[in-house]
Amino acid sequence: MASDDLAGFIAGLPKAELHVHHVGSASPRTVAELAARHEGRSPVPADPALLAEYFTFTDFAHFVEVYLSVVDLIRDAEDVRTLTYGVAQDLAAQQVRYAELTVTPYSSVARGIPAEAFCEAIEDARREAEKEFGLVLRWCFDIPGEAGLPSAEQTLRIALDQRPDGLISFGLGGPEIGVPRPQFKPYFDAARAAGLRSVPHAGETTGAQTVWDAIRELGAERIGHGIFAAEDPALLEYLGEHGIPLEVCPTSNLRTRAVADLAEHPLAKLVAAGVPVSVNSDDPPMFGTTLNNEYLVAAKLLDLDAAGVAELARQGVRHSFASGQVKSALLAEIDAYAATAS
Ligand SMILES: O=c1[nH]cnc2c1ncn2[C@@H]1O[C@H](CO)[C@@H](O)[C@H]1O
């Protein structure tokens with residue numbers, strides 16, 4: 001199948017998205033509109049054409065700085081509602097049927113949006129998206145690592161006090177350098193005791209030890225990124241044996257300069273070692289990508305044909321925290337599509 005045909009196959013393929021950030025998914029149009037409202041008071045350009053340059057990152061720390069400047073544009077619950085609905089619409093347009101969206105309530109609450117109003121806004125958008133697009137949305141509430149333990153405490157409190165219906169997991173994002181995972185153990189323990197699944201980022205910008213810490217200290221059931229696990233054969237074996245999947249986002253790793261070149265991306269090495277992986281988009285407009293494009297990138301890295309790509313989509317479903325019913329319906333849909341379209 002030619003590359004154009006494969007792109008067409010991917011575009012129509014029903015998919016799950018497991019690693020995508022809320023604010024990081026805002027379309028350039030949405031970001032530019034929000035920036036226009038705060039012109040003169042925000043470094044974010046109000047012209048969508050200038051955003052690509054603004055979203056050129058020198059390293060991961062620069063990425064977080066830029067990310068937070070966009071977070072700063074979201075000032076009230078109406079902004080949250082509009083943003084979330086737009087993200088759902090963009091996912092549905094790519095034939096995403098189920099998505100776990102990483103949301104950072106701490107950042108918005110710290111900027112003055114009450115926790116209750118924030119949760120109400122995302123829940124409104126979630127219900128609307130399910131009704132209008134048939135997209136099942138779930139939330140991962142993550143601790144922004146750079147904001148330290150007070151942000152962990154508050155993220156946990158918001159999760160447990162508000163407990164929005166769509167909330168299924170607890171995460172940890174932001175920088176890894178200078179933000180050791182073990183200090184977050186009590187918060188993950190409490191979140192897990194309350195029935196939330198554990199999905200911290202680890203091994204995105206630091207080495208295998210961070211992934212071990214995420215597993216041993218935070219009870220990680222899936223790992224955000226985890227690409228530096230490739231450095232440690234014992235860890236690769238452990239991930240495979242215990243079925244702990246990595247949520248891999250190839251273009252993100254390139255754009256934050258975690259990986260110098262796609263040719264050096266460890267996806268193929270991880271798969272060859274028997275590590276379960278899914279392919280995801282992270283912060284698609286900020287990285288100039290889409291989930292569909294990430295599938296195409298992964299197909300090149302793994303040398304996959306249409307059947308291989310369909311299997312990748314099945315992995316995303318299997319690694320998700322969706323209900324058994326949602327999983328079987330989506331797997332059946334993928335099977336039916338692959339049988340007719342390839
Ligand atoms: O690739 C990523 N790695 C880590 N954090 C990220 C990424 N993309 C977006 N965020 C977001 O960065 C904020 C600051 O900690 C958090 O809101 C986190 O969700």
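The values are calculated or read from the model by the stated rules, or taken from the named source; none is laboratory data. Please read all numbers here as calculations on a predicted model, not as lab measurements. A quick note on method: Cβ atoms are made from the backbone with ideal geometry, for glycine too, and the neighbour counts reach across all protein chains shown. Heavy atoms of the whole protein, side chains included, go into the accessibility calculation; ligands, DNA and RNA do not. Shrake-Rupley method; radii C 1.70, N 1.55, O 1.52, S 1.80 Å.
Could you list, in sequence order, all residues of segment 199-216 that are in a strand (DSSP E or B) and touching a Leu at 6+ places or on another chain (Cβ under 7 Å)?
Scanning segment 199-216 gives Pro200, His201.
For Leu296, are the conditions met, namely being open to solvent by 10 Å² or more (accessible area, probe 1.4 Å), at negative phi and more than 19 Å from the chain's Cα centre (by Cα)?
no
Could you grab the pairs with beta carbons closer than 6 Å, sequence gap of 6+ or different chains, first residue in segment 247-267 and open to solvent by 60 Å² or more (accessible area, probe 1.4 Å), second one away from the ligand (no atom under 12 Å from the Cβ)?
Arg257/Asp59
Scan segment 319-330 residue by residue and report those that are in contact (Cβ under 8 Å) with a residue 40 or more places away in the chain and touching a helix residue (DSSP H, G or I) at 6+ places or on another chain (Cβ under 8 Å).
Correct list: Ser320, Ala322, Leu330.
Can you pull out the residues in segment 278-288 that are open to solvent by less than 10 Å² (accessible area, probe 1.4 Å) and away from the ligand (no atom under 11 Å from the Cβ)?
Answer for segment 278-288, where residues must be open to solvent by less than 10 Å² (accessible area, probe 1.4 Å) and away from the ligand (no atom under 11 Å from the Cβ): Ser278, Val279.
Can you say whether Ala35 is away from the ligand (no atom under 16 Å from the Cβ), hydrophobic (A, V, I, L, M, F, W, C) and farther than 30 Å from Lys327 by Cβ, as far as the supplied structure shows? Before the answer, list the steps.
On the way: away from the ligand (no atom under 16 Å from the Cβ): yes; hydrophobic (A, V, I, L, M, F, W, C): yes; farther than 30 Å from Lys327 by Cβ: yes.
Considered against the rule, which asks whether it is away from the ligand (no atom under 16 Å from the Cβ), hydrophobic (A, V, I, L, M, F, W, C) and farther than 30 Å from Lys327 by Cβ, Ala35 comes out as yes.
Scan segment 193-204 for residues that are touching a helix residue (DSSP H, G or I) at 6+ places or on another chain (Cβ under 8 Å) and open to solvent by 50 Å² or more (accessible area, probe 1.4 Å) and report the count.
0
If I filter segment 231-246 down to residues being of a type in the set (A, V, I, L, M) and open to solvent by 10 Å² or more (accessible area, probe 1.4 Å), which single residue comes out as farthest from the ligand (Cβ to nearest atom)?
Out of the qualifying residues, it is Ala234.
Each row is one residue, and each column tells you yes or no for (1) in contact with a helix residue (DSSP H, G or I) (Cβ under 7 Å, 6 or more places away or on another chain); (2) within 20 Å of His225 (Cα to Cα); (3) at pLDDT below 95; (4) within 15 Å of the ligand (Cβ to nearest atom).
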residue: Cys140; (1), (2), (3), (4): no, yes, no, yes
residue: Ile143; (1), (2), (3), (4): yes, yes, no, yes
residue: Leu149; (1), (2), (3), (4): yes, no, no, yes
residue: Leu156; (1), (2), (3), (4): yes, no, no, no
residue: Gln162; (1), (2), (3), (4): yes, no, no, no
residue: Asp165; (1), (2), (3), (4): yes, no, no, no
residue: Leu172; (1), (2), (3), (4): yes, yes, no, yes
residue: Pro175; (1), (2), (3), (4): yes, yes, no, yes
residue: Ala191; (1), (2), (3), (4): yes, no, no, no
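Which ones in segment 25-46 are small (Gly, Ala, Ser), touching a residue at least 60 places away in the same chain (Cβ under 8 Å) and open to solvent by 20 Å² or more (accessible area, probe 1.4 Å)?
Scanning segment 25-46 gives a single hit, Ser27.
Within segment 84-101, is there a residue that is out of contact with any Pro (no Cβ under 7 Å at 6 or more places or on another chain), within 12 Å of the ligand (Cβ to nearest atom) and closer than 28 Å to Pro250 by Cα?
Checking segment 84-101: at least one residue is out of contact with any Pro (no Cβ under 7 Å at 6 or more places or on another chain), within 12 Å of the ligand (Cβ to nearest atom) and closer than 28 Å to Pro250 by Cα.
All but one of (1) within 24 Å of Arg37 (Cβ to Cβ); (2) more than 12 Å from the ligand (Cβ to nearest atom) hold for Gly134, so report the exception by its number.
(1)
I'd like to check something: does segment 8-22 contain any residue that is in a helix (DSSP H, G or I), within 16 Å of the ligand (Cβ to nearest atom) and of a type outside the set (Asp, Glu)?
No, every residue in segment 8-22 fails to be in a helix (DSSP H, G or I), within 16 Å of the ligand (Cβ to nearest atom) and of a type outside the set (Asp, Glu).
Among the candidates Ser198, Ser169, single out the residue that is under 22 Å from Ala322 (Cβ atoms) and in contact (Cβ under 8 Å) with a residue 60 or more places away in the chain.
Details: Ser198 fails: in contact (Cβ under 8 Å) with a residue 60 or more places away in the chain.
Matching residue, one of Ser198, Ser169: Ser169.
In the list Glu333, Glu311, which residue meets the criterion of being without any contact (Cβ under 8 Å) to a residue 24 or more places away in the chain and open to solvent by 30 Å² or more (accessible area, probe 1.4 Å)?
Going through Glu333, Glu311 in turn, just one is without any contact (Cβ under 8 Å) to a residue 24 or more places away in the chain and open to solvent by 30 Å² or more (accessible area, probe 1.4 Å): Glu311.
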